[in-house]
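A short worksheet on the structure shown next.
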Amino acid sequence: MLKNKKMAEVGLSTLFIAMRVLFGLGWLLAGITKITNKSWFSEPGVFLADYLHHALNKENVPVFHKHLIENIALENVMFFNYVIPIVQIAVGIVILLGLMTLPSIFICLFMHINFILSGNINLMSLVLYTSAFTLLLGRKYIYRLSLDRYLGTEKLFNPNRAKAASLIQAD
């Protein structure tokens, strides 16, 4: 019985490590693709402004999000033009390494929710969105083979585990 439980733990850990690595790789490639294939840096603001203007004309974009696009995103299109791919590359790398994993997944979710709210839903969107929530649900396993585990930073983002560790050390 104990051997089966141990094998199940190893299997789940392997699954979540693979999922974390693929998720990080997806975000890394999304950022690199924006810079290399969509000319975000060679023609700054053109692609993003066009994307945002198209979003304003879509019926499935909520009114509140259209206001955010008009009053924040389009007003600061050059800022977002550089920040979006850089953040995607950064979170992709740190998720691959397993460093600051939980906050990075929340950043990805925030960015992804904005992408979905701008009227873009496709199979890849659903896979990434579902993967993010799955990683959050299985956060017990996402720290295996990670810098968070090695450096002990996983405790910063798991209050229950940190509280339990401090109670054990107090005894």
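The values are calculated or read from the model by the stated rules, or taken from the named source; none is laboratory data. This is a predicted model, so every value here is computed, not measured. Cβ atoms come from the backbone with ideal geometry, glycine included; neighbour counts cover every protein chain shown.
Pick from region 26-68 the residues that are in contact with a Pro (Cβ under 7 Å, 6 or more places away or on another chain) and assigned to a helix (DSSP H, G or I): which of them is farthest from residue 123 (Cα to Cα)? Only one residue fits best here, namely 35.
Quick check: is even one residue across region 73-85 within 17 Å of residue 131 (Cα to Cα), under 13 Å from the mean Cα position of the chain (by Cα) and part of a helix (DSSP H, G or I)?
Quick first cut of region 73-85, residues within 17 Å of residue 131 (Cα to Cα) only: none.
Scanning region 73-85 turns up no residue that is within 17 Å of residue 131 (Cα to Cα), under 13 Å from the mean Cα position of the chain (by Cα) and part of a helix (DSSP H, G or I).
Listed conditions (1) more than 19 Å from residue 110 (Cα to Cα); (2) surrounded by fewer than 13 Cβ atoms within 10 Å (Cβ to Cβ) are all met by residue 54, apart from (2).
When residue 38 is tested against the conditions (1) buried (at least 16 other Cβ atoms within 10 Å of the Cβ); (2) within 16 Å of residue 115 (Cβ to Cβ); (3) out of contact with any Lys or Arg (no Cβ under 8 Å at 6 or more places or on another chain); (4) at pLDDT below 90, the lone failure is (1). For region 116-135, residues that are touching a helix residue (DSSP H, G or I) at 6+ places or on another chain (Cβ under 7 Å) and more than 18 Å from residue 25 (Cβ to Cβ) total 4.
Residue 102 satisfies every condition listed in (1) closer than 29 Å to residue 16 by Cβ; (2) touching a Leu at 6+ places or on another chain (Cβ under 7 Å); (3) buried (at least 17 other Cβ atoms within 10 Å of the Cβ); (4) not hydroxyl-bearing (Ser, Thr, Tyr) except (2).
How about region 71-89: which of its residues are without any contact (Cβ under 8 Å) to a residue 40 or more places away in the chain and surrounded by 15 or more Cβ atoms within 10 Å (Cβ to Cβ)? Break it down stepwise before answering.
Start the filter on region 71-89 by keeping residues that are without any contact (Cβ under 8 Å) to a residue 40 or more places away in the chain, which leaves 71-80, 83.
73, 74, 77, 80 - these are the residues of region 71-89 that are without any contact (Cβ under 8 Å) to a residue 40 or more places away in the chain and surrounded by 15 or more Cβ atoms within 10 Å (Cβ to Cβ).
So if I check each of 21, 83, 63, which one is within 23 Å of residue 146 (Cα to Cα) and among the hydrophobic types (A, V, I, L, M, F, W, C)?
Values: 83 fails: within 23 Å of residue 146 (Cα to Cα); 63 fails: within 23 Å of residue 146 (Cα to Cα).
Sole residue among the options that is within 23 Å of residue 146 (Cα to Cα) and among the hydrophobic types (A, V, I, L, M, F, W, C): 21.
Being of a type in the set (Ser, Thr, Tyr), more than 21 Å from the chain's Cα centre (by Cα) and surrounded by fewer than 17 Cβ atoms within 10 Å (Cβ to Cβ), is that true of even one residue in region 7-28? No: region 7-28 contains no residue that is of a type in the set (Ser, Thr, Tyr), more than 21 Å from the chain's Cα centre (by Cα) and surrounded by fewer than 17 Cβ atoms within 10 Å (Cβ to Cβ).
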